[in-house]
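Data first, discussion second: the structure below is written as structure tokens.
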Amino acid sequence: MRTGKLARAGRYTALVAYLVFLAFPFLWLVSTAFKPARELGSLHPTWIPENPTLGNFRQAFDEQPLLQAALNSLVAALGAAVVAVVIATPMAYVMARHRGTLSRLATGWVVVSQAFPFVLVIIPLFLVLKNLRLINSVPGLIMVYVVWALPFALWMLVGYVRAVPVELEEAAAVDGAGRLRTLVSVTAPLLAPGIVATALFAFITAWNEFFFALVLLKTPEKQTLPVVLTHFIGAEGVADLGPLAAAAFLATLPSLVVFALIQRRITGGMLAGAVKS
């Protein structure tokens, strides 16, 4: 019994240490965001600001168009999330219900597509968007985000579809419901939590994305929030820490809130896809 208590205490201690390790960058970011310039240059930094100030936030908004950048990020993230879910939902249903050659090929595509690094696809992607005249445009960026988020969104939704008992659809068919009526009245309501979780995941992915936005968007008024954050770093590589931390803190909040809302649903979808035959 004593050995079991020691093992449990060790696990909890390791878990707490891991949480502290993960939370340290964010806590330091929050602390830096509220420190005045004098404390930021101190040789003996402190966790809690001695004289907290909102001056860094005011300076950040004065120096860079954060509101416009946040609006661009919001439009790109919402557009990518909606389009990705609309495309992935019927594809996931077919893959989950009809396990044939097409389903296996699609599953292989999902796995392989996640192995390609950004640098291998950015040049051909840039040329394609240039031919479509979508360079330096938010719609072009949405198209890229949809393609990048689609494989994982598809994989998540397949798990949710497989978690819906096929017997419910068969029972609806016995009662005289057609295929479309069954999908709308029976399957779709049960998939609603998974669809919402998948859309929110695609939203987070697009909101935090930096590399594609940096390459494809050149006009300052069209740049997204992650790209605008780099403007707080001078040509010599010296960062304006106070305003940078304040802007980064504001940019991080939406991702934290959304992830806190969907983390259980994401885990549930993954487990459902893993255990459902």
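What number, rounded to the nearest 500 deg cm²/dmol, is the helix-based mean residue ellipticity at 222 nm of the chain, given -39500 (n - 2.57) per DSSP H run of at least four residues and division by all its residues?
Dividing the helical sum by the residues of the chain leaves -25000 deg cm²/dmol.
One quarter of the convex hull surface built on the alpha carbon atoms of the chain amounts to 21.8 nm², the projected area averaged over directions.
Model label sites at Y12 and V257, defined 7 Å from Cα along the beta-carbon direction, differ in position by 3.3 nm.
Taking every C-alpha pair closer than 8 Å and separated by at least 6 residues, the mean separation divided by the residue count of the chain gives a relative contact order of 31 percent.
Out of the GluC sites (Glu not before Pro) in region 29-96, which ones are loop residues according to DSSP with at most 15 other C-beta atoms within 10 Å?
E50
Please identify the longest segment of the chain free of exposed trypsin sites (Lys or Arg not before Pro), where exposed means a DSSP state other than H, G, I, E or B and no more than 13 other Cβ atoms within 10 Å. Write out the running numbers ahead of the final one.
Details: sites that count: R99, R133, K218.
Longest site-free region, per DSSP loop and neighbour criteria: 1-98.
About its Cα centre, the dipole of region 131-255 is roughly 300 debye, where the only charges are +1 on Lys and Arg Cβ and -1 on Asp and Glu Cβ.
Carbon and sulfur atoms: what percent of the 1.4 Å accessible area of region 114-178 do they account for?
71
Surface exposure of the chain, expressed per residue as accessible area with a 1.4 Å probe, stands at 59 Å². Of the solvent-accessible surface of region 1-108, computed with a 1.4 Å probe and all protein chains present, 72% belongs to carbon and sulfur.
So if R0 is 51 Å, what FRET efficiency would A171 and F61 give, r being the distance between their Cβ atoms, rounded to the nearest 0.05? Once the sixth-power term is evaluated, E becomes 0.35.
Taken along the Cα-to-beta-carbon direction at a fixed 7 Å, the label points for V86 and R99 span 3.2 nm. A simple spin-label model places pseudo-atoms 7 Å from Cα toward Cβ; at V75 and L54 they are separated by 2.9 nm. About its Cα centre, region 56-276 has a charge dipole of approximately 640 debye under the convention of +1 per Lys or Arg Cβ and -1 per Asp or Glu Cβ, with nothing else charged. With R₀ set to 22 Å, the beta-carbon distance separating Q68 from F211 gives a calculated FRET efficiency near 0.60. Hydrodynamic radius of region 2-53 by the Kirkwood approach over all distinct alpha-carbon pairs: 13.2 Å.
The values are calculated or read from the model by the stated rules, or taken from the named source; none is laboratory data. Computed from a prediction, not measured in an experiment: that's the story for all the values here. Reconstructed Cβ throughout: ideal geometry from the backbone, glycine too, with neighbour counts over all protein chains shown. The area values use the complete protein model at the heavy-atom level, side chains included, leaving out ligands, DNA and RNA. Shrake-Rupley method; radii C 1.70, N 1.55, O 1.52, S 1.80 Å.
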